[in-house]
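The values are calculated or read from the model by the stated rules, or taken from the named source; none is laboratory data. Everything numeric here is computed off the predicted structure, so don't read it as measured data. Cβ atoms come from the backbone with ideal geometry, glycine included; neighbour counts cover every protein chain shown.
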Amino acid sequence: MNRDHFLRQLDRLKKQWPNSYGDERSARIWAVFKDLDDGTFVSMVDTAIDRMRQAPLAEDLSRLEAEVRNRDLQNRVSSGLGGPSFAAPLQQAARKSSADPDFVKACLKLLRDKDTGRNTMAQFLEGCDALDQLARQLEPRGRSHYGGNKFYERTSEK
């Protein structure tokens, strides 16, 4: 989320609970939630204003983030847009894969975190790059993390 959007939402919290969000507390909240998408943060602030009697701290906002993510995931699952509907076939395919189980588990976690909104697109792509580098480092030792996919096999083995 960009800083201006964060400050607008922080102003909403400050209006609800005057004198509760000084510079240091605001900076800590920014540090914790700066990578969050705008919509999730707005929903968190909405929920805090609707339900909390005292000003939420970073820990309270983290709990609200989990609630908002669960609610959003449930809404997507019930509307057929994600969640178990895509995860079940992937997990089934992973069980049949000849790729390294830890590598497959890391790939599935990365996909799940992106689908649930836990990771931004930038974090997802960074994770993909890290997994790709790991696979390339381990391939020369004769361990194909790609499950024997011809495209990724070493040219010397062909």
- request: Select from region 94-106 the residues that are modelled with pLDDT of 75 or more and surrounded by 15 or more Cβ atoms within 10 Å (Cβ to Cβ) and list them in ascending order.
  value: A106
statement: Reported set for region 1-49 where residues are surrounded by 17 or more Cβ atoms within 10 Å (Cβ to Cβ) and under 20 Å from F124 (Cβ atoms) is M1, F33, L36, T40, F41
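Would a scan of region 83-93 turn up a residue that is modelled with pLDDT of 90 or more, not in a helix (DSSP H, G or I) and not hydrophobic (A, V, I, L, M, F, W, C)?
Scanning region 83-93 turns up no residue that is modelled with pLDDT of 90 or more, not in a helix (DSSP H, G or I) and not hydrophobic (A, V, I, L, M, F, W, C).
Condition test on R12, is it in a helix (DSSP H, G or I) and either under 16 Å from the mean Cα position of the chain (by Cα) or within 18 Å of N119 (Cβ to Cβ) (or both)? Please lay out each step first, then the result.
On the way: in a helix (DSSP H, G or I): yes; either under 16 Å from the mean Cα position of the chain (by Cα) or within 18 Å of N119 (Cβ to Cβ) (or both): no.
It is false that R12 is in a helix (DSSP H, G or I) and either under 16 Å from the mean Cα position of the chain (by Cα) or within 18 Å of N119 (Cβ to Cβ) (or both).
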query: Between a first residue in region 109-122 that is in the same structural domain as L36 (by TED's automatic domain parsing) and a second residue that is loosely packed, with under 15 Cβ neighbours inside 10 Å and part of a loop (DSSP other than H, G, I, E, B), which pairs have beta carbons less than 9 Å apart while being 6 or more apart in sequence or on different chains?
result: none
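Considering each of V68, V77 in turn, give the residue that is aliphatic (A, V, I, L, M) and either at pLDDT 75 or above or outside any helix (DSSP H, G or I) (or both). Give the steps one after another, and end with the answer.
On the way: V77 fails: either at pLDDT 75 or above or outside any helix (DSSP H, G or I) (or both).
Criteria check complete, one pass: V68.
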message: I'd like to know if region 25-41 contains one or more residues that are touching a residue at least 12 places away in the same chain (Cβ under 8 Å), outside any helix (DSSP H, G or I), of a type in the set (S, T, Y) and outside the structural domain of G117 (by TED's automatic domain parsing).
response: no
